[in-house]
Structures are given as structure tokens and as C-alpha cells.
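What follows is a single structure, written as C-alpha cells, with notes after it.
The values are calculated or read from the model by the stated rules, or taken from the named source; none is laboratory data. For clarity, every value in this text was computed on a predicted model and none was experimentally measured. Glycine also receives a Cβ, built like all others from the backbone with ideal geometry; neighbour counts cover every protein chain displayed. With ligands, DNA and RNA removed, areas are computed over all heavy atoms of the protein, side chains included. Shrake-Rupley method; radii C 1.70, N 1.55, O 1.52, S 1.80 Å.
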Amino acid sequence: MYPLFLVIFGRSATTIVMIGFAAGLAPVILKTIEGLAGTRPGAASTSAAASGSRASQQFWKILLPAALPSIFVGLRLGLIFAMINIVGVEFLINFGGLGQLINELAERYDLPGTYGAILLRHPGERRVLRPDRTARAMAAAVA
């Protein structure tokens, strides 16, 4: 999809945002469908019949709360995929950001700096390094 988005939007921030959005959308949709389909039909119909609720009330009060854990898993996966694609596109089009920094350091054969920048904010990591710890993290990446 990268060449298509590049032709449509050019080398701009819109390209980066749209590729990140497209990469993160599929897991969210698939996990939402999985969560809604995984709700036991007997529980939903029994609860709806007992309370006399309409189909829309059944969705908002029974099906959606039962599917929320799966929906949040999809959101988490979508954000990870979006971050990976955003850094990759920044790397390819040299528009700015972490991808451009990694590309510039790699082109200068600054391997410690390259690995430090990669470890600075890896999409799969749960924590973000503070600026005062950046030098320590880059030194640890070299060792």
C-alpha cells in the first residue's frame, strides 16, 4: 500500500498517518467481530427476554460489554502495528521522526547510535525512556 499512498498523498505527514491508520484498522475490526461473535447467544437472548429489551438495548447492555476484552486486545495490536508501520514509512521517505534518525545513523555507520535509537522507543516496549535516561540507554545498547 506504500506506493499507492505515496502517489495519492505525496511525501507528507498525511501519508504517514494514513499508512499507520490502515495498518492498525484491520486488527481492531477483526478482534471486534471475534468478540461479538464469541458472545454466547443463549446468554444474550435469555437476558433480553427477561428484561424485555429491544435489539439496540441488547447490543449496548449485553453484547458490547461482553466483547470489550477482545476489542481492547484489537486496539493494542492495532497500535503496535501502526507504530511499526509509521517508523518504517519515516525510514523510507525520510520525512522526519524516529525512522529518519535511524536511517541517518545507519548511513553514517554509527551502529551504537543506530541501536540506541531503535531501543529508545521500540513499539513493543511498554515504557518510554525519559530524556535524562537517554544517554544511559544508548550506552547500554552499545555494551
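If you take the residues of the range 126-143 that are outside any helix (DSSP H, G or I) and open to solvent by 50 Å² or more (accessible area, probe 1.4 Å), which of them is modelled with the lowest pLDDT? So that I can check it myself, show each step before the final result.
Filtering the range 126-143 for residues outside any helix (DSSP H, G or I) gives 126-130, 143.
Then drop every residue that is not open to solvent by 50 Å² or more (accessible area, probe 1.4 Å), which leaves 126-128, 130, 143.
Working: R126: 42, R127: 47, V128: 46, R130: 48, A143: 54.
The qualifying residue modelled with the lowest pLDDT is R126.
So is D110 farther than 30 Å from V7 by Cα, open to solvent by 70 Å² or more (accessible area, probe 1.4 Å) and either at pLDDT below 70 or over 16 Å from the mean Cα position of the chain (by Cα) (or both) or not?
On the way: farther than 30 Å from V7 by Cα: yes; open to solvent by 70 Å² or more (accessible area, probe 1.4 Å): no; either at pLDDT below 70 or over 16 Å from the mean Cα position of the chain (by Cα) (or both): yes.
Here the answer is no, as D110 does not meet what is asked.
Can you name every residue in the range 66-90 that is surrounded by fewer than 19 Cβ atoms within 10 Å (Cβ to Cβ) and more than 17 Å from the chain's Cα centre (by Cα)?
Passing the criteria: A66, L68.
Inspect all residues belonging to the range 23-40 and state whether any of them is within 15 Å of L92 (Cβ to Cβ) and either modelled with pLDDT of 90 or more or within 24 Å of the chain's Cα centre (by Cα) (or both). First the steps, then the outcome.
Within the range 23-40, the first condition is being within 15 Å of L92 (Cβ to Cβ), and the residues that meet it are 23.
Those left that are additionally either modelled with pLDDT of 90 or more or within 24 Å of the chain's Cα centre (by Cα) (or both): 23.
There is at least one residue in the range 23-40 that is within 15 Å of L92 (Cβ to Cβ) and either modelled with pLDDT of 90 or more or within 24 Å of the chain's Cα centre (by Cα) (or both).
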